There are 2 protein chains.
Amino acid sequence: MAMDAAAEVDHLAAERAAARFDVEEMKVAWAGSRHAVDVADRMARLVASDPVFRKDNRTMLSRKDLFKDTLRKAAHAWRRIVELRLTEEEANLLRLYVDQPGYVDLHWGMFVPAIKGQGTEEQQQKWLPLAYKFQIIGCYAQTELGHGSNVQGLETTATFDPKTDEFVIHSPTLTSSKWWPGGLGKASTHAVVYARLITEGKDYGIHGFIVQLRSLVDHSPLPGVTLGDIGGKFGSGAYNSMDNGVLQFDHVRIPRDQMLMRLSQVTREGKYVHSDVPKQLLYGTMVFVRQSIVADASKALSRAVCIAVRYSAIRKQFGSQDGGPETQVLNYKTQQSRLFPLLASAYAFRFVGDWLNWLYTDVTQKLEAKDFSTLQEAHACTAGLKAVTTSVTADAIEECRKLCGGHGYLNSSGLPELFAVYVPACTYEGDNVVLLLQVARILMKTVSQLASGKQPVGTMAYMGKVQYLMQCKCAVNTAEDWLNPVAIQEAFEARALRMVVNCAQNVSQASSQEEGFYERSPDLLEAAVAHIQLIIVTKFIEKVQQDIPGDGVKEQLQNLCNVYALYILHKHLGDFLATGCITPKQGALANEQVRPNAVALVDAFNHTDHYLGSVLGRYDGNVYPALYEEAWKDPLNETVVPEGYHEYLRPLLKQQLKLSSRL
Amino acid sequence: MAMDAAAEVDHLAAERAAARFDVEEMKVAWAGSRHAVDVADRMARLVASDPVFRKDNRTMLSRKDLFKDTLRKAAHAWRRIVELRLTEEEANLLRLYVDQPGYVDLHWGMFVPAIKGQGTEEQQQKWLPLAYKFQIIGCYAQTELGHGSNVQGLETTATFDPKTDEFVIHSPTLTSSKWWPGGLGKASTHAVVYARLITEGKDYGIHGFIVQLRSLVDHSPLPGVTLGDIGGKFGSGAYNSMDNGVLQFDHVRIPRDQMLMRLSQVTREGKYVHSDVPKQLLYGTMVFVRQSIVADASKALSRAVCIAVRYSAIRKQFGSQDGGPETQVLNYKTQQSRLFPLLASAYAFRFVGDWLNWLYTDVTQKLEAKDFSTLQEAHACTAGLKAVTTSVTADAIEECRKLCGGHGYLNSSGLPELFAVYVPACTYEGDNVVLLLQVARILMKTVSQLASGKQPVGTMAYMGKVQYLMQCKCAVNTAEDWLNPVAIQEAFEARALRMVVNCAQNVSQASSQEEGFYERSPDLLEAAVAHIQLIIVTKFIEKVQQDIPGDGVKEQLQNLCNVYALYILHKHLGDFLATGCITPKQGALANEQVRPNAVALVDAFNHTDHYLGSVLGRYDGNVYPALYEEAWKDPLNETVVPEGYHEYLRPLLKQQLKLSSRL
């Protein structure tokens, strides 16, 4: 049970009693296994019960206090991890539940993997133990003030000096300042810095270098290194706990062996040589990072949906002409038609994330066997899923906030902070538009190769059925026919393929392939989205065709799968009209199955009140007294008469405002 | 020229030189008249040049300092208004450019109009002079903790006590606490309080009462009055400058004559009587408030679009395979296809807002003549336009932020604050979903009366052409045919009417009208939106059919009108497919006309850098040095080694974290 100990009355008990499935088994389906439920539960409680990890005051702290609080939490988390001898799985979950962006995210999530992926055996042996024990703190310094998605445009230089056997790291312009890296501004002692490698007068493009930034004695920046925080970001609390930083180098020298040399080296003489390690190996890391972003999307969405569903069951409005109680907002069709597809999306993203996890293992094994045949398809699939799930989740969190009405605008609802902290996911690790255009490029290539008989693989295999899909007619006659997964999947396949083929034809009419791609890029984006939505629907359908234990659990998931598919069908009706049409009746049909189970479906996410961080989404539904109590904690309420009354209100009210002397 | 004096180089000069229209004349078309341009310009500069009105530090202030800063600005603004003997038009503009939500907004925007609209002549003579001179500060206390859109559900009571000739104002429950009113928490001395009027044991429903809340001597709450701020809200800076408040009454007594008695009275004996003033008069105020919200939507959208267009012309990315300069982001079709429709929407909302202003005058004149025949249509139109323009604007600001890439996430971009301060417009003065359902109800009624020969009026007149519109076939054959306003308008009319008629048929099949309306409410929402989009397109078309002076100005507006219409057509393609189809070619066609004029089109909004408040949207385009400079102002940068280093980073790095004693 996720209910806090202090809560006495469950205001949502009637909702929970009405649910038609086994919530405990749904928790297992959501988390992936009984073990996963248990360990997450244990870590969530550990965090929630520790006063150092309180976060209810986060939006009220000044930037400096918030940052200091983040340092404190990171140190305390590390202490607990060491003391309790937590496993890596447990430690990761503990950090997840601390739920406050900070330098450790980049240290573990980017610095360590970069050294693992791009460092030689020797480099790994030197640097990883230091990082594992936090004797150094590292970050990942890639983007610059004037350069984001286009890594090849970076301006920072690393010029080899054969006289001293060193690289000279330098920022030649203002726009070459490193800008955005998390943990860089205040916390990190080291960074993996990406710079143009120049040796023997030649520019060999972007490479990674391990650079020490701060003294390990007193944390002051080393000579030639300028460091700072880039300033406040969207929201209060939220991502402001992170010290995203700016960094400039003035001819900073590092030993040659701090270039990450797994893929290529510079010799003592200054020769640039490639190693025999295929560079495709780097894709493994990218697939890993992106699958974890998709997993994070389902987590963030599940929190927003949990808050909105519970509060919609508590909030009552209208419907009391006869003086009776008002209607629960959750009973309104307008609320259901906006909220339930988001609930279904949370489950859809969860399952496609699980599948991506499998894909990562598969890609890793193939890479180790030097089989690169599925790499492109895997890249398209992870890039596209990253783009679609993060964009949808960002919009959906804001939609959940709106679905909570006015109170969703209060920080105590948790939703403003959840939104503000989540939206950068649309930009980092590949801007979503840039990623979808990459997907589109691969789709164009795949379609052009169909003629030569090359069979597409994996998530693109359906494109091999091009002749059938280009002319198939949808057999759906009644609303109920749409509940057949075969019909749904075929409709999604036909829509995606027709959009892709249509784009390919238009692109081929242009004066050049590149010109055509440029002209048609808005349509290409839409085709890429259609392809990715097909993948999500397909993986959801595959999931619900498996054995899933627990009373009613499988039925609920089947219904959510229909809600999701019909929602996309309705939203993109224009795309689908070639294949048939859906009636509003169906959407309503599926939603009716969700209504009695809505609260239990979000309970199955198993979020503690601490992790949710929302007065509106409390497990016990005791919303109004909690809102009232929260309000009084605002610093403005420290005094009854506000500061500024004597200077600015009283003179106004007493008509004693001093006019300027010149009048 | 909106450029700040300090700027020396115009980094956007080439963009401005390439524009194909007269920007000065476009400023007139945007503002409405030469006079409007001039007076706005004068007030904007007055505010921008006054150090008291600085706002670049707003997101870094603590809640208390931000609130105090708001009090200071309000007092200073009032002083300047008095000193300079500003007209009402000038004073309103000055407050607009101060651009910081505060108690004065509610004082002038809600408290004074409520007394004007609902007070008797006598009450107006007593209270308005006090309010006009700021001898009292008033707010508007309607919503409660448990009650928002449903005014009839309010719980606060005002019970008449004939013994003392007083009303007893009381909050019987926690959920009856007044909650949200702006200016209530800390600043207001008085409020118009909405409460259930009870006299002679009978509940007469919701009425307004003028209630003093705070002592005019020392600002402390009066006996029986509990007052506080409801806590932090979305974003930093943003709406946190406002003291949205909570208020509870414990049997607070007020004289009988503080009930607002224009429409109904309670006599000395406690009899409830209606006056002969028709209650429809109250609609005038509602139309006025909503037309100003539509005008505000175009202002907010114009700011976001201005920032995104200018920055997209400065930002360069990719496209430099040959080592040449990268491509301006504004040249990418994917950027254009997302950004230009929003630019066109800003103009569309501006012109429909102008028209609503005319409608308000028209409604007022008709009300004075006791002609209520167009009231329902005017209500549907203003409610619907409020809902559509605010929802679109909120989403569009966030889209503009995303279009600015990573840097849009920084507070110095101005976009996070613009979004956070704007979104409540979707909820206040009528939740958008509730309003659209009201529109839908009127549409259903209008369609049902067609059979009886009742001709719809005003913006619903097109529904009279039902027989033609239900079967007309769209004559568009080529992409260019869509640029004909007649074709566009007919397509929008046919789509809206068919959706409305389709809903009406489905509703009529239900067991009852009410049940049908409830079941079909998601479709009804979509039909209402289609009707409102038709109004926006129609008013834009009407605008560009007028004489508009200035080289190329009319042509630009015609093109923006096409961009807007084609964008809606593309976005709601599913709705339109019954009437024809559009090709991507057209969207591209229209966008091509916008590209060379994009920067000049946002210059025509005439926003000062102070009002825009965005480093990315600077008039001179000198973005990167400004971003760099802003970063160093963050409080985190006050020290090179951050606070917390000695407690939380050094012990970690030195492996000296003290473990708990129990280990």
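Any read-out appearing in this document is the output of simple, stated calculations on the displayed coordinates, not a laboratory observation. Because the structure is predicted, anything quoted here is derived from the model rather than measured. Neighbour counts are summed over all protein chains in view; Cβ atoms, including those assigned to glycine, are modelled from backbone coordinates with ideal geometry.
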| B:Ile206-A:Tyr132 pseudo-label distance in nm [points 7 Å out on the Cα-to-Cβ vector] | 6.5 nm
| query | Listed here are the pairs A:Lys333/B:Lys299; A:Lys68/A:Lys386; B:Lys316/B:Lys402; B:Lys116/B:Lys233; A:Lys186/A:Lys233; A:Lys27/A:Lys571; which of them are more than 22 Å apart at the Cα? | reply | A:Lys333/B:Lys299; A:Lys68/A:Lys386; B:Lys116/B:Lys233; A:Lys27/A:Lys571
| remark: Taking placed amide H atoms and a strict 5 Å upper bound, the residues 5 or more places from A:Ser264 or on another chain that come that close are A:Ser275
| query | With the Cα gyration tensor of the protein assembly as shown giving a ≥ b ≥ c as the square roots of its eigenvalues, does the rule (a/c under 1.5 for rounded; else a/b larger than b/c for prolate; else oblate) give rounded, prolate or oblate? | reply | rounded
| query | Using θ = phi - 60° and the Karplus form 6.51 cos²θ - 1.76 cosθ + 1.60, what ³J(HN,Hα) does each residue of the range B:599-606 get, whole Hz, x for Gly and Pro? | reply | 5, 5, 5, 8, 4, 5, 5, 6
| query | Residue by residue, what Karplus-based ³J(HN,Hα) values in Hz, rounded to whole numbers, does the range A:227-243 have, using 6.51, -1.76 and 1.60 with θ = phi - 60° and x for Gly and Pro? | reply | 9, x, 8, 8, x, x, 10, 2, x, 9, x, 6, 7, 6, 6, 8, 8
| Put a dot 7 Å past each Cα toward the Cβ at A:Glu638 and B:Ser62; how far apart are the dots in nm? | 0.4 nm
| field | Reachable aspartates and glutamates, given that their alpha-carbon falls under 14 Å from the alpha-carbon of A:Lys658 and they are not under 8 places away in the same chain | value | A:Glu647, B:Glu83
| What nm distances, shortest first, do you get from the label point of B:Ser508 to those in the other copies when the point sits 7 angstrom along Cα to Cβ? | 5.0
| Among all helices in chain A defined by DSSP H, which have a length of 20 Å or more along the axis from Cα atoms plus a Kyte-Doolittle mean of at least 1.0? | A:432-450
| said: For a test of the definition: using alpha carbon positions, the gyration tensor, and the 1.5 limit on a/c, classify chain B as rounded, prolate or oblate. | reply: oblate
| request: Pull up all non-local amide H partners of A:Lys233: gap of 5 or more, or a different chain, and H-to-H distance under 5 Å with H placed in the peptide plane. | output: B:Asn411
| remark: If exposed means GluC sites (Glu not before Pro) lying in a DSSP loop and surrounded by at most 15 other beta carbons within 10 Å, then the longest stretch of chain B lacking such sites spans residues B:270-663
| query | Between rounded, prolate and oblate, where does the range A:108-277 land on the alpha carbon gyration tensor, with a ≥ b ≥ c its root eigenvalues, rounded for a/c under 1.5, else prolate if a/b exceeds b/c? | reply | prolate
| Once the mean 1/r over all distinct Cα pairs of the range A:332-455 is inverted, what Kirkwood radius in angstroms do you read off? | 16.9 Å
| request: Identify all aspartates and glutamates with a Cα-Cα distance to A:Lys445 below 19 Å; exclude those on the same chain that are fewer than 8 residues away in sequence. | output: A:Glu377, A:Glu493, A:Glu514, A:Glu515, A:Glu519, A:Asp523, A:Glu526
| note | Distances in nm between the label point of A:Pro596 (7 Å along Cα→Cβ) and its equivalents in the other copies, shortest first, are 6.6
| task | Can you tell me the FRET efficiency between A:Asp362 and B:Asn331 if r is taken as the Cβ-Cβ distance and R0 is 45 Å, rounded to the nearest 0.05? | result | 0.70
| Can you pull the mean other chain C-beta count within 10 Å for peptide B:209-215? | 1
| note | Once amide hydrogens are built 1.01 Å from N within the peptide plane, the residues lying 5 or more places from A:Phe167 or on another chain with amide H under 5 Å from its amide H are A:Asp161, A:Ile254, A:Arg256
| note | Among A:Ser49, B:Tyr360, B:Leu612, the residue whose Cα sits farthest towards the positive end of the charge dipole of the protein assembly as shown, when +1 is placed on the Cβ of each Lys and Arg and -1 on the Cβ of each Asp and Glu, is A:Ser49
| message | For the range B:224-289 and the range A:426-493, what is the centre-to-centre distance using only Cα atoms, to the nearest Å? | response | 57 Å
| request: Add +1 for every Lys or Arg and -1 for every Asp or Glu among the other residues with Cβ under 14 Å from the Cβ of B:Thr159, and state the total. | output: -2
| At 222 nm, what helix-only mean residue ellipticity would the protein assembly as shown give, in deg cm²/dmol to the nearest 500, using -39500 (n - 2.57) for each DSSP H run of four or more? | -16000 deg cm²/dmol
| request: Report, for B:Pro635, each distance to the same residue's label point in the other copies, shortest first and in nm; define the point 7 Å along Cα→Cβ. | output: 0.6
| query | HN-Hα J couplings of the range A:51-59 from phi, Karplus 6.51/-1.76/1.60, θ = phi - 60°, integer Hz, Gly and Pro as x? | reply | x, 4, 8, 4, 9, 5, 9, 4, 6
| Counting only other chains, what is the mean number of Cβ atoms within 10 angstrom of the Cβ of each residue in peptide A:128-136? | 2
| Proximal aspartates and glutamates to A:Lys126, defined as alpha-carbon separation beneath 17 angstrom and excluding residues fewer than eight positions away on the same chain | A:Asp257
